[in-house]
Each structure stands twice: as C-alpha cells, then as structure tokens.
Amino acid sequence: MRAIFVDANPSLAAVTEKLHRRDDPPVTINRDPDIRPDALPDLLKGYAIAIDDHTQFPTAIIKRCPDLKHVVFLGTGARSYMDPEALAELGIAVHLIKGYGDTAVAECAIGLLFAAARGFAGMDRAMREGRWLRSEGTQLGGKTLGLIGFGGIAAEVARMALGLGMRVLAWNRTPKAHAGVEFPTIERLLAESDAISLHLLLNDETRGFLDKTRIARMKPGAILVNTARGALVDEAALIEALNSGHIRHAGLDVFHSEPLKADHPLARMENVTLSAHAAFRTLEASMTLLRRAIDIVKRVQS
C-alpha cells in the first residue's frame, strides 16, 4: 500500500525526510500545505494511505477516492476536518495520534495565560505605533486556574500552574484525581476560577460546551484560554462577554473557522490575544508526531 503526506509545509516535509529510516515504507510528500479538498481525488489516486495535517476530507469528495483505505491524522482533532464514522462506512480507517505534544500545547496555554494577564500583545502593538502604553496587568500567583477537561495536556498545564503558585481546579467528564488539583463541579469551577483553560476533545457532546449560560456563570473579569478546539465555545456568546468585560481577556489558538479572517470580530478586539493554531508547533513535538505517523503507516502496511 502506497502512502502520501497530502499537505506538508516546508517544516513538516523536512522533519519527515529527516526521520525516515531505511526500513520505513516510502512516503510521497506533497509539498503544498494549501491543497484544496476538490483536488484530493487526483492527488490520492493510487494511494491507500494518506497522512493529513490540516486538509478537510469531506465525505462526498472522499467517495471519489476508491484507493484510499487509511487516513493518518496528525493529532487528535480529526473531527474538525472529517467525519470518521462516515469514512469508516466507506471502508476507510482514521488513525489518531495522542500525547505527542502535551508539553508543547501546555506551554502555549500558559504563554497565552501570561499574555492575557499582562496585556503583552496590546503593548507590543501600541509601541510599534509609537505609543508608550503601560497597561495594568494582574499577577497569576495566588490566583485560581480552572481546567475544563483533564487529559495529558491539562495535567501538564496543572504542573506548570502549580509551580507558579496558582490554585488549580479541574473538571472532567469522567472522574479523575491528580496531586495538588481539586475536582469540583463545573458550576463551582466556573464561579471560582480567575482564569479558565479548555482541554476537552471535540465531539457531539462537547460541541458548544462553553455556551452562553456557562459563560454567564464564569467569575466576572476572568481570563479564557483555548488551545483545544474553537467549536467548544459559543463564539457569539464569547464575543458578547468580551465586549461587556465579563471575560476580561481571551487567549485563543483555535477558532470556528480557520484561518481566522482579518475582518473577524475576534481579530479586531483589543482584549483578545491570537495564536494561529500553533500550540503544538515545536520541533520536538513535530518529530514525535511524524515518527508515530510513519510507524502507523508501517503497521497498517504489514
């Protein structure tokens, strides 16, 4: 079975080539990171395995790819790009890769938390415009951080936050326990947290989890950080809460529609710090991710 990396940017292409071993199966690298879904039938002709970084795999188009049997998605958020159950009905298995970038994403979440608390992005913009803006921030030490969802990434965020002297609360859909972390009800977490960081997987049950009602229950003036998936949050309710100041600042790495357009309301708000879905983009994480992807290709070929 032949394999192709459908949308490799220069960095991921270089990492893939560097990691490839003599006993690994060959992987064709398509060096167009902006491949359109309607180009997939021609691109995937003759390939049974597709490695996908961020390209949409619409079911209607994949029906026109009769050779495809496996999709190796680079991460855990495949549902944002395809319907795994619908592809399974076509005889196509979707493979996810977990845990490759827990530290990288956690560091990004903490970075966005600091940026939101201290207003770094606003001061940077002002100084580049010739204005000497000294905005008043808030200290994180002694504050309460609420983690919604508690997997490997959230556990890393908790470790870092505890090291900063923060109190850490967490809520998970299934019971969890972790040293130094308290697990209250979601209502109490929302009410007591000075900052909230989202770490849920996106599925039918979690889509829109942070809705208008739950946002209203957040502590007034809280910070929101999202490095998970944009669709976990009701975007209209978020914008309303940012405009009113109920949410003091949001640090966002993920969005409902990506890439975020320059005229989107979130892109024009001073109390929003933006990151281009890059939380997991470190060389270390990319090397782990692509090594695991190649290993999956090897396994399904055997």
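Within this structure, V72 passes the test of being assigned by TED's automatic domain parsing to the domain that holds S286 and under 18 Å from F280 (Cα atoms).
In summary, T144 fulfils each of the numbered conditions (1) more than 30 Å from K69 (Cα to Cα); (2) in contact (Cβ under 8 Å) with a residue 24 or more places away in the chain; (3) surrounded by fewer than 17 Cβ atoms within 10 Å (Cβ to Cβ) with the single exception of condition (3).
Looking across R291, R268, one residue alone is among the basic types (K, R), modelled with pLDDT of 95 or more and assigned by TED's automatic domain parsing to the domain that holds D23. It is R291. Listed by first and then second residue, the pairs linking a residue in segment 279-302 that is farther than 15 Å from M1 by Cβ to a residue that is of a type in the set (D, E, K, R) and at pLDDT 95 or above, with Cβ atoms under 6 Å apart and 6 or more places separating them unless they lie on different chains, are A279/D253.
Does R248 count as closer than 20 Å to G119 by Cα, charged (D, E, K, R) and not in a loop (DSSP other than H, G, I, E, B)? So R248 passes the test.
Taking the conditions exactly as written (within 16 Å of G77 (Cα to Cα) and of a type in the set (G, A, S)), does A293 satisfy them or not? Here the answer is yes, as A293 does meet what is asked. Out of everything in segment 56-70 that is in contact with a helix residue (DSSP H, G or I) (Cβ under 7 Å, 6 or more places away or on another chain) and not in a loop (DSSP other than H, G, I, E, B), what residue ends up being surrounded by the fewest Cβ atoms within 10 Å (Cβ to Cβ)? Once the filter is applied, the top-ranked residue is T59. One residue stands out among those in segment 191-204 that are modelled with pLDDT of 95 or more and not in a helix (DSSP H, G or I): the one that is surrounded by the most Cβ atoms within 10 Å (Cβ to Cβ), which is S197.
Scan segment 87-134 for residues that are outside any helix (DSSP H, G or I), touching a strand residue (DSSP E or B) at 6+ places or on another chain (Cβ under 8 Å) and either closer than 30 Å to A154 by Cα or in the same structural domain as V157 (by TED's automatic domain parsing) (or both) and jot them down. Of everything in segment 87-134, those that are outside any helix (DSSP H, G or I), touching a strand residue (DSSP E or B) at 6+ places or on another chain (Cβ under 8 Å) and either closer than 30 Å to A154 by Cα or in the same structural domain as V157 (by TED's automatic domain parsing) (or both) turn out to be A93, V94, H95, L96, I97, G119.
The values are calculated or read from the model by the stated rules, or taken from the named source; none is laboratory data. Just so you know, these numbers come straight off a predicted model, no measurement behind them. A quick note on method: Cβ atoms are made from the backbone with ideal geometry, for glycine too, and the neighbour counts reach across all protein chains shown.
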